[in-house]
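One structure is given below, encoded as structure tokens.
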Amino acid sequence: MHEPVDLFTTQWRLLGGEVVLADAAVGWSHTIEDVLAGVIDPAFPTVVGFDTGDWPKDVPWSALCETIGARFYDRHDLDVLSRQEALQDIVAHASVGVTGAAWAAADTGTVALYASAQTSLSASLLPPTHVVLLPKRRIYATLAEGLRAVHAQGAVPHLVKLISGPSMTADIEGQLVVGVHGPRRVVTVIGDW
Amino acid sequence: MERLPHDPRPWPARRDEALHDPVLQATLRRVTHRLNTARIQAYQNYPAGAEARERAKHRKREAVREWEPLLAQAEQQITAHGGQVFRAATPGDVGAYIKKVAQEHGVQRIIKSKSMATEEVQLNAQLEATGFAVRETDLGEYIIQLAHEKPSHILAPAAHKNRQQIQALFRETVADAHDVVSDDIPGLTQFARQKLRQDFLSADMGITGGNFLVAETGTVVVITNEGNADMVTTLPRILISLVGLEKIVQDWDALIDIIQQPALSGVGQRLSSYTTMISGPRGPESWEGPDEWHVVLLDNGRQAIHDGPYQDVLACIRCGACLNVCPVFQQVGGHGYGSVYSGPIGTVISPLIGGMQTFGELPRYLCTVCYACQEACPMDIPLPEQIIGLRSQAVAEDREPAAVRTQYRLWGQAWSTVHGYRRSVQAARIAQRLALRHVGLAAGWLKTRKMPPVAARTFLEGWAHEQRRRRRA
Ligand code: SF4
């Protein structure tokens, strides 16, 4: 019997996604800094992130991004702009978008995001890299369990997005290419925070 | 306006063009083979998917059978969440409604994700005729939109083009395309990404299709691999979802059973890269999603199919599995069918939606009755039986020339007895020796086919000879 974390890792990688298993002993901030340093594009030194309340606490996002030469924008920074400006001027030019996840499913290698006042789906869509901070306890063994949870809360959120690996296409000669519209790289950081 | 667009060229012209196109032949072979193998492996390695399919197929049939109360429930749910529902009887109704919404909101730019229903109602042509700029954003659809062509595969619309042709197309039709220096596939994809990005960010209206509509919650589910439907549903302020009546499923549990089937059967993945579920417009507290959401429920002949003998075909989830296994599709591709719906599923629904007059030739000529589609279909739709039913109808309604009918009748009579069949083999041997390749039925048949030589002695003849020899010995 697989642990959901192991099965999720296998499936997500199979789909072309990346997994980083974070260790509390190393410190969440350290791991996150490493991950961001690995994916930041110096030509677009911007990171946008939307905390749904389930991120590890006490990560100094702005300072951490500064050390890797990037600027960090969160929901509050973007709220002063119009939605259109925020999307066009900031999110569309960021090289990394960071989100949490409502849940994940191991058997299909899927991460679920809900649009809400706190989360922005655009951070998972416009930048070339999407980093998902996923607490271990949110991983279900199967997609069916995760989907049941969507409905169990009563009303279904107005916009739910299931992501299973990077954006891809096989529209030219059947050859698989990643990163057609959405992100090319999807990195899931899994930890016990 | 016609119910379903069609290619006015006659079938032999479409057929020969496809058979003589080496690019099409090579690409079709590769794409269909890859998708077939992936489908078979996906179910083998994932018993849960196969079990869900069994449940899904029953529930989907039930949902189609009792669709009226379910559609009413979906409508009530969508309205309760702040969405708006419009029932469109014809392609013209769809166009008129969307134009009205667009005009009311001062829309200028429209982006679309892939939807066969919008191809069916020729939505782009309808909107462009009124001056709206419409951009297809699925890579394959973008390519064929630039080329002014129709999709050649329901999942891979540009499956008939190779990289060199696409590079040339970009250079000819897209501004600033001189940076398309190479014909490598990732490079072409990146070029399209950049171009379409601008369209995504500046669009006022988005249009999607829908894979499923959940009655219980009023949710429209849209599945893509590229992520373009996510852009379309997240970014523009007005969203339209065009959904065929047959997309209805009862409840959330029914959705759970069916949601993986299009990817499992279509591309051999457990789930497509992106699944978007829309249940209403953006609330005041939310940052993303449309301000207004309109669901257009498309009839266009579906109610009539529902009330007739071919109701089961409405359980189709448009996975494309039947196309990939079909020997006719593998040879002629989507364009051979002259309809946006191709392959076995297209052979059934094109005449049902667009009329026997125009599409009767599909069930008549484009099926070998090999039953491969029946075996591949995740919804167990009896496609071959339906094709045979439509074939009889087509033949009864629209007669072949008398000479052709007489030849088929004589052929049928001859082969209905063992002796007749054996004599025909002897006759074929003589005809072959005399090089009689250009008379009667054989004339058209052999234009694009090779006639295998008739054996000097067939197996049956050899067997009979052997029996006689043994008896003598
Ligand atoms: S008829 Fe069956 S196999 Fe063909 S597209 Fe529909 S569901 Fe798939």
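The values are calculated or read from the model by the stated rules, or taken from the named source; none is laboratory data. Remember, predicted model here, so these are calculated numbers, not experimental data. Note: ideal-geometry Cβ built from the backbone for every residue, glycine included; neighbour counts use all protein chains shown. Accessible surface areas use protein heavy atoms only, side chains included; no ligands, DNA or RNA. Shrake-Rupley method; radii C 1.70, N 1.55, O 1.52, S 1.80 Å.
Some points to look at:
- A single entry from B:Ala80, B:Ala48 fulfils the requirement of being open to solvent by 10 Å² or more (accessible area, probe 1.4 Å), under 29 Å from B:Leu271 (Cα atoms) and within 11 Å of another protein chain (Cβ to nearest Cβ): B:Ala48.
- Criterion (under 15 Å from B:Ser152 (Cα atoms) and of a type in the set (Ser, Thr, Tyr)) met by exactly one of B:Thr32, B:Thr37: B:Thr32
- Residues that are part of a helix (DSSP H, G or I) and among the small types (Gly, Ala, Ser), drawn from the stretch B:364-416: B:Ala372, B:Ala376, B:Gly389, B:Ser392, B:Ala394, B:Ala396, B:Ala402, B:Ala403, B:Gly412, B:Ala414
- Residue count for the stretch B:320-336 under the criterion of being within 13 Å of the ligand (Cβ to nearest atom), open to solvent by less than 10 Å² (accessible area, probe 1.4 Å) and either of a type in the set (A, V, I, L, M, F, W, C) or part of a helix (DSSP H, G or I) (or both): the result is 5.
- Reported count of residues in the stretch A:151-184, each being without any contact (Cβ under 8 Å) to a residue 40 or more places away in the chain, farther than 30 Å from B:Gly140 by Cβ and of a type outside the set (S, T, N, Q), is 5.
- Hits in the stretch B:90-115 - residues which are more than 24 Å from B:Ser339 (Cα to Cα) and open to solvent by less than 30 Å² (accessible area, probe 1.4 Å): B:Tyr97, B:Val101, B:Ala102, B:Val107, B:Ile110
- Residue among A:Val35, A:Val59 that is touching a strand residue (DSSP E or B) at 6+ places or on another chain (Cβ under 7 Å) and away from every other protein chain (no Cβ under 14 Å): A:Val35
- Within the stretch A:144-165, the set of residues being open to solvent by less than 10 Å² (accessible area, probe 1.4 Å), touching a strand residue (DSSP E or B) at 6+ places or on another chain (Cβ under 7 Å) and either of a type outside the set (Lys, Arg) or more than 7 Å from chain B (Cβ to nearest Cβ) (or both) comprises A:Gly146, A:Val150, A:Leu159, A:Val160, A:Leu162, A:Ile163, A:Ser164, A:Gly165.
- Close pairs from the stretch B:335-351: first away from chain A (no Cβ under 14 Å), partner basic (Lys, Arg) and more than 9 Å from the ligand (Cβ to nearest atom), Cβ under 6 Å, at least 6 apart: B:Gly336/B:Arg14; B:Gly336/B:Arg15; B:Gly338/B:Arg14; B:Val340/B:Lys150
- Of all residues in the stretch B:288-300, none are away from chain A (no Cβ under 14 Å) and within 16 Å of the ligand (Cβ to nearest atom).
- Failed condition for B:Ser272, given (1) open to solvent by less than 20 Å² (accessible area, probe 1.4 Å); (2) closer than 30 Å to B:Gly82 by Cβ; (3) within 16 Å of the ligand (Cβ to nearest atom); (4) at pLDDT 95 or above: (4)
- The stretch B:248-257, residues that are surrounded by 24 or more Cβ atoms within 10 Å (Cβ to Cβ) and more than 9 Å from chain A (Cβ to nearest Cβ): B:Ile248, B:Val249
- Residue identified as open to solvent by less than 30 Å² (accessible area, probe 1.4 Å) and either part of a loop (DSSP other than H, G, I, E, B) or more than 11 Å from chain A (Cβ to nearest Cβ) (or both) among B:His160, B:His178: B:His160
- Of the strands (runs of 3 or more DSSP E) contained entirely in the stretch A:3-83, those carrying at least 1 residues that are on the phi < 0 side of the Ramachandran plot and open to solvent by 40 Å² or more (accessible area, probe 1.4 Å) fall at A:18-21, A:71-73.
- Residue that is farthest from the chain's Cα centre (by Cα) [pool: residues in the stretch B:116-148 that are touching a residue at least 60 places away in the same chain (Cβ under 8 Å) and open to solvent by 30 Å² or more (accessible area, probe 1.4 Å)]: B:Arg135
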